[in-house]
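Notes for the one structure printed next.
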Amino acid sequence: MKQDLNKSSDKNFKLMIISALVLVILFIYTIYKSGTIIQGTTYYLGIVFLFILLIIAFVVKLKQEKLREFLNKNTKENLSFSNELEKQKSSNSSSNIISNKEELENSVKPVSSTTTFKDIAGISEIKSELEEIVDFLNNPKIYQQHGVKLPKGVLLVGPPGVGKTLIARAVAGEAQVPFFYQSGASFVHIYVGMGAKKVRELFSSAKINAPSIVFIDEIDAVGKMRSGKSNDERESTLNELLTQMDGFDGESGVIVIAATNKIEVLDDALLRAGRFDRRVHLGLPNIEDRKEILKLYLKNKNHKVNIEKLVLDTAGFNSASLSTLINEALLQMIKDGKNILDDADIEIAKNKLEFGKKQLKILNCEQKELLAIYQSCKAFISKSKVNLLEEGVSKIDKVFLSNSELNTNIKRELAGNVGLELIKKEKFAIGEDAIKRAEEMALLMVEKYKMASSVDEIIFSAKESLKLEISSNIEKIEELTKIMLENEVITLEDL
């Protein structure tokens, strides 16, 4: 390029000199041939201009090397400035791409869970179900060679405080895989499309880091039944969640674990097979569970606590409540300037929980006996396993239920109230949810299936049948009540 510039400047200099010489010659020739003397300022100005032009041409010719250097320098500066601008544009473009990629990758970050099954007590039955998921995440080839696919989703169902989040972290910790935690509420935004975008980012990151676990806490915040009457942000987020769960198979190494205490409000599409294939129900801990939990929480603590007595006194406590109880007792111990935790500290902490948190079902001996009779009657009539603090009862579950089967389900719901009234000769304010479910089933029989003319008639008939059955088996129910008070659970073997 430099050579081209030099050639161009040489050519221009030569043309300037030749042009000036030609013009001077033409003027002299004109004067020579003319017979008259040309007068006037125009003539002299023209002659001066031609000589000036000729002088400039000779000066430029003499200084052409310096002029070339000056022109080359300016050209280089312009070219370097132009190249710098191009590089800057290119770098800005690439940095935008990188920043967008980093934004996607960094928007949802996994964590490494250090919690394992050893850190959780009182979930022996739950643990066995989750261990095969851990094994699949650790040894997927063993299952894949037999065509076995990992469940896409596991739904943890249970009341607040039973350790659903802790269990999900333990699964991730046992499997040693990345753990993506999100709450259902974090997907709900006021801006349309933001929730769906966050769902896409979550699953994209999970697939990149597979094998991994995605845990969605309180999924009912985003997974409630769709009404079909609106297309709001929550429903579009739920649609995206359903799409993403369909977008990977059992061999992807990604498993979704969700937690809820309101399974009844979840959308049917979320609960169908192929999305949440497995449901794990967690209840409040029974006597044996509480004993294991308390031993875990008191491990490495300097104490003189009577664990056997404490287990009996904490009926209705979930694992979170037991943790809070021990923590409050330790604070009381420090406040009193002691080094050993004892029963007095536990009692003070228990009173704080009892009067400070009314939502806990803290039962005294009398209340526990009433609940034991109530649950024993339910266990006897339903012929199924029942826990002391369990609210529901197993029912006949078919696509097409007969009249007698619907009546049996109603009796199972009402058995506790009828039995308690028979044995204690008085009605008690207990089991309001069971009564409501029984009335709803009776209403369906009347209005939808036309099996009876009155709800009251169905309820009355069920209660009379229960009175006969329970009164003729009082001894068996008393035996079951003793078992319930001792173990806080009645198993099929006890029946």
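Values quoted throughout were computed directly from the atomic coordinates according to the rules given, and no laboratory measurement underlies them. This is a predicted model, so every value here is computed, not measured. Here Cβ is always computed from backbone atoms with ideal geometry, including for glycine, and neighbour counts include all displayed protein chains.
Going by the alpha-carbon gyration tensor, a ≥ b ≥ c the square roots of its eigenvalues, is region 248-393 rounded (a/c under 1.5) or, if a/c is not under 1.5, prolate (a/b greater than b/c) versus oblate? Kindly include the intermediate steps, with their values, before the conclusion.
Working: a/c = 2.59, a/b = 1.54, b/c = 1.68.
Verdict is oblate for region 248-393.
Phi-derived couplings, Karplus 6.51 cos²θ - 1.76 cosθ + 1.60 at θ = phi - 60°, listed residue by residue for region 135-146: 5, 5, 5, 7, 10, x, 5, 4, 7, 5, 5, 9 Hz, with x used for Gly and Pro. For the peptides 339-346, 130-137, 298-305, 407-414, the ranking by mean Cβ contacts within 10 Å, running from highest to lowest, is 407-414, 130-137, 339-346, 298-305.
Ratio of Rg to Rh for region 396-467: 0.98 [Cα atoms; Kirkwood radius as inverse mean 1/r over pairs]. The peptide list 169-181, 390-402, put in order of mean Cβ contacts within 10 Å with the highest first, becomes 169-181, 390-402. Length, then width, then depth: along the principal axes, the Cα atoms of region 446-495 run 44, 22, 16 Å.
According to the Kirkwood relation over distinct C-alpha pairs, the hydrodynamic radius of region 335-446 is 16.6 Å.
Starting with the highest mean, order 448-456, 146-154 by the number of other Cβ atoms within 10 Å, averaged over the residues of each peptide.
Working: 448-456: 11.9, 146-154: 16.3.
Descending packing order for the listed peptides: 146-154, 448-456.
The dipole here belongs to region 271-383: it is taken about the Cα centre, uses +1 on the Cβ of Lys and Arg and -1 on the Cβ of Asp and Glu, and is about 640 debye.
Once you have the Cα-Cα distance between Lys118 and Leu492, take 0.36 nm times their residue separation minus that, and quote the gain in nm to one decimal.
On the way: separation 374, 0.36 × 374 = 134.64 nm, distance 2.86 nm.
This chain segment gains 131.8 nm when fully extended.
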